Every structure is written in C-alpha cells, then in structure tokens.
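What follows is a short report on a single structure.
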Amino acid sequence: MTGDVVNPEGRKIPRHIAIILDGNGRWAARHGLPRAMGHKKGCETLEQIVADAARLGVEYLTVYGFSTENWKRSQEEVGALMNLFRFYMVKLIKVANEHNVRARMIGERSRFAKDIQDGIDRLERETAANTGMTFVFAVNYGSRDEIVRAVRKYTLEALKEGKTVEEIEALTEQEFAGYLDTAGMPDPDLVIRTSGELRLSNYLLWQCAYAEYYITPVLWPDFNKDELLKAIDNYNSRERRFGGRLKTTDNYDRSGKSGT
Ligand code: IPE
Ligand code: IPE
Ligand code: MG
C-alpha cells in the first residue's frame, strides 16, 4: 500500500509528493510586475521547497515546471522561461548537491535548445550519486505525450524482438509503467496544486490514479514550508482505500452493530 514514513514530529510523510506549481503570472500581475518576474520568483520558491521536502524526509518530489501545452504562450513568455531554464538547471545542481538530492527530468527534452538539454544532462549527471530525495522536474511534460511515447517504445521493441501475439496480450500494467518516463518510481501519494485551479492539466494521469489531491489558493511564489506542512497535515487526515473497504467500517456488519 503506501510507503509513508513517520517523521520525528509524528507526521506521516507521503513518500512521493507531486506539485503543480501554478500562479506565477497572477502573482506578477498582483505586484504590477511582468510575468517573467513571477516565474523568477517561482524558481526561488522551488529551491526552498526542494530543500524543505528533502529535510522532511520526502523520498520523491515531482514538480511540473513546463507542460507540452505551455508552448502555446506568447513568444516573449516562452523565451523568458527558456532563459530561466538555461540558467536554472545549472543553479539546481548546487541546490541539489547541498541537500543530497538526486535530480531527474521527465518529459520530452529534444524540443529544447541544445544548451538547455546539456544543462538537464549535467543536472542529472552531477547529482546522480546523491542518496537522499529524488527531485523530478517535469519539463516539456504532458501525460498524453508520455503515454503515446511509451506505446511507441513498447511496440517498436516488440516488433524488433519478434514478440508473439500471446506475449503482447500478456502485457501487464506494471510492465507498461516501465515504459513511462517515471519508470522505477512509486506513484505519487499526494498531489498539491497552487493557485486554486481544480484540474490536472495533463499531469501524471496514469501515475495519479489513486493519489490524494490538495488544492490551495496560495499562488506558487508565496508557497512556503508552512503551506507544505498544511498540505501534509491534510493528507494525514485522509483514509486511502485504493478501491477496498473503509477501514473504520470493518468492524461493523450491515445492521450497524459491531462485528467480530
Ligand atoms: C505556472 O504559472 C508556471 C508555468 C505554467 C510555466 P503560470 O504562468 O501558469 O501562472 P498563472 O496561472 O498565469 O497565474
Ligand atoms: C500547468 O499550469 C502546467 C504547469 C504547472 C507547468 P498551466 O497554468 O499551464 O495550466 P492551465 O492552463 O491553467 O490548465
Ligand atoms: Mg497557470
């Protein structure tokens, strides 16, 4: 079931937290600043949250930084985000190494300029030996794109290996998950979305089948450790059933009397 760890303050810490960071643009507008300044402030929040989550004992933190749909934004905004990534991937190496964090990227990286791809490779390579939290950065990530890429990969392999119909029919969910960008990672336990939107926006659709959701109106640049703890405390109040029975009713029969 869940792999939650109880930290010294008695909190059950979700093993895998996934964040949809949202609200950078609204934060900038509220402060009378250009949107790019909201993204810059959002990067500072991210550094802080990576450090806080690692200290709390989170094993995997997956953050949605740029979606496959975000290319639709103005050239000016996409350009500002690319410049930020350019410098930020390198900055993250320092942050990750300071906190024994291993970084990994999910998404389709070939659409990025060569130097950004090199930055991602460097971030992964130079933090690979760290043994603490895994920080997963979802950039040019879209769940549907990821699933289609996985199907392609599986099919091409099957063709190459000359798999039989029987072998293809025997494909399991677990095996298929191994073709996704998140191969080898546990599914998210808790999904946090900032700035109040009640949607997944094409984020980890397969992986979040049984995740718990927490939506806060706080805009991402204002998100901090206290807000993270609020989300974790809220998670602590949930009863996860994974399609099974409600634990608190296990001792009651249908008449409502206590069972054996
Ligand atoms: C999240 O902030 C960052 C990205 C999607 C890149 P937004 O830029 O979506 O901020 P809002 O939603 O416009 O406030
Ligand atoms: C989701 O935020 C994508 C990221 C956080 C990277 P968006 O701001 O792009 O989502 P929508 O457009 O509100 O659904
Ligand atoms: Mg948004």
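Restricted to the stretch 136-148, and to residues that are more than 18 Å from LEU84 (Cα to Cα) and in contact (Cβ under 8 Å) with a residue 12 or more places away in the chain, which residue is surrounded by the fewest Cβ atoms within 10 Å (Cβ to Cβ)? Among those residues, the one meeting the criterion is ARG144.
Free of Cβ contacts under 8 Å to residues at least 40 places away in the same chain and under 26 Å from THR131 (Cα atoms): does that describe ILE93? Yes: the conditions hold for ILE93. Filtered by the rule that a residue be under 30 Å from ARG26 (Cα atoms), basic (Lys, Arg) and free of Cβ contacts under 8 Å to residues at least 40 places away in the same chain, the stretch 162-200 gives a lone residue, ARG199. Restricting attention to the stretch 34-51, the residues that are of a type outside the set (S, T, N, Q) and closer than 20 Å to PRO217 by Cα add up to 11. Please find, within the stretch 159-210, the residue that is nearest to ASP145 (Cα to Cα) out of those that are within 16 Å of ligand 3 (Cβ to nearest atom) and among the small types (Gly, Ala, Ser). Of everything passing the filter in the stretch 159-210, SER201 is nearest to ASP145 (Cα to Cα). The criterion of being without any contact (Cβ under 8 Å) to a residue 40 or more places away in the chain, of a type in the set (D, E, K, R), closer than 28 Å to ILE232 by Cα and more than 16 Å from ligand 3 (Cβ to nearest atom) holds for GLU9. Of all the listed residues (ILE13, ILE93), the sole one being in contact with an Asp or Glu (Cβ under 8 Å, 6 or more places away or on another chain), over 21 Å from THR216 (Cβ atoms) and not small (Gly, Ala, Ser) is ILE93. Residues of the stretch 180-206 being open to solvent by less than 40 Å² (accessible area, probe 1.4 Å) and farther than 20 Å from PHE223 by Cα, which ones? Those that are open to solvent by less than 40 Å² (accessible area, probe 1.4 Å) and farther than 20 Å from PHE223 by Cα: LEU180, ASP181, THR182, ALA183, MET185, PRO186, ASN202, LEU204. No other residue among LYS230, LYS153, LYS163 is modelled with pLDDT of 95 or more, within 20 Å of PRO14 (Cβ to Cβ), of a type in the set (Lys, Arg) and over 16 Å from the mean Cα position of the chain (by Cα) apart from LYS230. For the stretch 56-86, the set of residues classified as more than 24 Å from GLU146 (Cβ to Cβ) and either touching a Cys at 6+ places or on another chain (Cβ under 9 Å) or charged (D, E, K, R) (or both) consists of GLU76 only.
If you go through the stretch 58-77 and pick out every residue that is of a type outside the set (Phe, Trp, Tyr) and within 12 Å of ligand 2 (Cβ to nearest atom), you end up with 10.
The values are calculated or read from the model by the stated rules, or taken from the named source; none is laboratory data. Predicted model, so just to flag it, every value in this text is computed and none were measured. Neighbour counts run over all protein chains shown; Cβ positions are idealised from the backbone, glycine included. Surface areas here come from the heavy atoms of the whole protein model, side chains and all, with no ligands, DNA or RNA. Shrake-Rupley method; radii C 1.70, N 1.55, O 1.52, S 1.80 Å.
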